[in-house]
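The values are calculated or read from the model by the stated rules, or taken from the named source; none is laboratory data. These numbers were taken from a predicted model, which means no experiment stands behind them. When we count neighbours, we look across all protein chains shown, and the Cβ atoms used for this are built from the backbone with ideal geometry, even at glycine.
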Amino acid sequence: MTLIALTDSNFSAYIGDSAALILISNGNDKLRSDFKTAFDKAADEEGGIVFGRVDPSVYTRLGERFDYQHKSLLIGMYRGEVLWRRSRPWASDLPDYIGQLQDAIAADLPPEQGIAEAEAEETAIVLDKPLDITDATFEQEAIQASHDLPVLVDFWAEWCGPCRQVSPILEKLAGEFAGQIRVVKVDTDANPGLSQAFQIRSIPTIAVFKQGKLIFMQPGALPEPSFRELIKQAIELEIPADEAAASA
């Protein structure tokens, strides 16, 4: 499926009730180049999802409809409803958001077809880079996922200098320990619910979950050797069966 240039007049015809990823950007709103490349590639490779792009400086009604605020915006839609929106999206967002749309589609399939497709996808996807998660996906992507692998959570914000120092370290270690630990990131500005729930007062704050339990939480930018040792300890740590069952 190719990338569609959406306009005020063709939007309904192309989107309708389809599962759709819609990028709203005028080209001058700090759209990340790596995201644009990943989005274009996904549009060519992914079936069953409509990929569209809107220039809000030209098609102002669509810009107003989605409350475009002069920052690139990614919208996920299904059956005419907005499922989520992400300001200034990252390339690492795409696999998660595509997966959410595919889950929404699968939920509408006849039971036999849905079960068959679920069994075909039973093998878990191995993450080799940090995954951006939100208030809505934290429970699934961090807490529940930690029953399979330890999950390291980076609470960060775009304006935070120390966060930018930590980011490449976590990118490297996510690849190095792929299949042994998941690394996820929470933008505290975009997800105030999680910031409040975990009482985040300073960023970056690093947390680690295993078997549904919070086993580590500390503010501050750790050096790479400390991150490496933390990951190794999380992998080796054994949670007693009764505690793991209580948190399931």
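Taking the condition of being in contact with a helix residue (DSSP H, G or I) (Cβ under 9 Å, 6 or more places away or on another chain) and acidic (Asp, Glu), how many residues in the range 125-152 meet it?
Summing the residues that are in contact with a helix residue (DSSP H, G or I) (Cβ under 9 Å, 6 or more places away or on another chain) and acidic (Asp, Glu) in the range 125-152 gives 4.
What's the number of the condition TYR14 fails, among (1) out of contact with any strand residue (DSSP E or B) (no Cβ under 6 Å at 6 or more places or on another chain); (2) in a helix (DSSP H, G or I); (3) surrounded by fewer than 19 Cβ atoms within 10 Å (Cβ to Cβ)?
(1)
Return the total of residues in the range 139-168 being in a loop (DSSP other than H, G, I, E, B) and out of contact with any Lys or Arg (no Cβ under 6 Å at 6 or more places or on another chain).
Residues meeting the conditions: 5.
If I filter the range 18-61 down to residues being assigned to a helix (DSSP H, G or I) and crowded, with 18+ Cβ neighbours inside 10 Å, which single residue comes out as farthest from the chain's Cα centre (by Cα)?
Step by step, filter the range 18-61, then rank; the result is ALA43.
Which members of the range 154-210 meet the condition of being within 19 Å of ASP128 (Cα to Cα), among the β-branched types (Val, Ile, Thr) and surrounded by 21 or more Cβ atoms within 10 Å (Cβ to Cβ)?
Residues satisfying the conditions are VAL166, ILE181, VAL183, VAL184, VAL186, ILE206, VAL208.
Of the residues in the range 55-78, how many are over 23 Å from ASP132 (Cα atoms) and not hydroxyl-bearing (Ser, Thr, Tyr)?
Looking only at that region, the number is 8.
Quick one: GLY220 ticks every box in (1) loosely packed, with under 14 Cβ neighbours inside 10 Å; (2) closer than 24 Å to ALA91 by Cα; (3) in contact (Cβ under 8 Å) with a residue 40 or more places away in the chain bar one, so which box is it?
Among (1) loosely packed, with under 14 Cβ neighbours inside 10 Å; (2) closer than 24 Å to ALA91 by Cα; (3) in contact (Cβ under 8 Å) with a residue 40 or more places away in the chain, GLY220 violates only (2).
Hey, ARG201 hits all of (1) at pLDDT 95 or above; (2) over 18 Å from the mean Cα position of the chain (by Cα) but one; which does it fall short on?
(1)
So which pairs qualify, if the first residue must be in the range 4-32 and more than 23 Å from GLY99 (Cβ to Cβ), the second must be among the aromatic types (Phe, Trp, Tyr), the Cβ gap must be under 9 Å, and the two must be at least 6 apart or on different chains?
THR7/TYR59; ASP8/TYR59; SER9/TYR59; PHE11/TYR59; ASN26/TYR68; ASP29/TYR68
Only one of (1) surrounded by fewer than 17 Cβ atoms within 10 Å (Cβ to Cβ); (2) over 28 Å from LYS129 (Cβ atoms); (3) touching a residue at least 40 places away in the same chain (Cβ under 8 Å) is not met by GLU81, so which one is it?
So the condition that GLU81 fails would be (3).
Quick test for you: out of TYR68, TYR97, pick the one residue that is assigned to a loop (DSSP other than H, G, I, E, B) and either closer than 21 Å to GLU171 by Cα or more than 19 Å from the chain's Cα centre (by Cα) (or both).
On inspection, the qualifying residue turns out to be TYR68.
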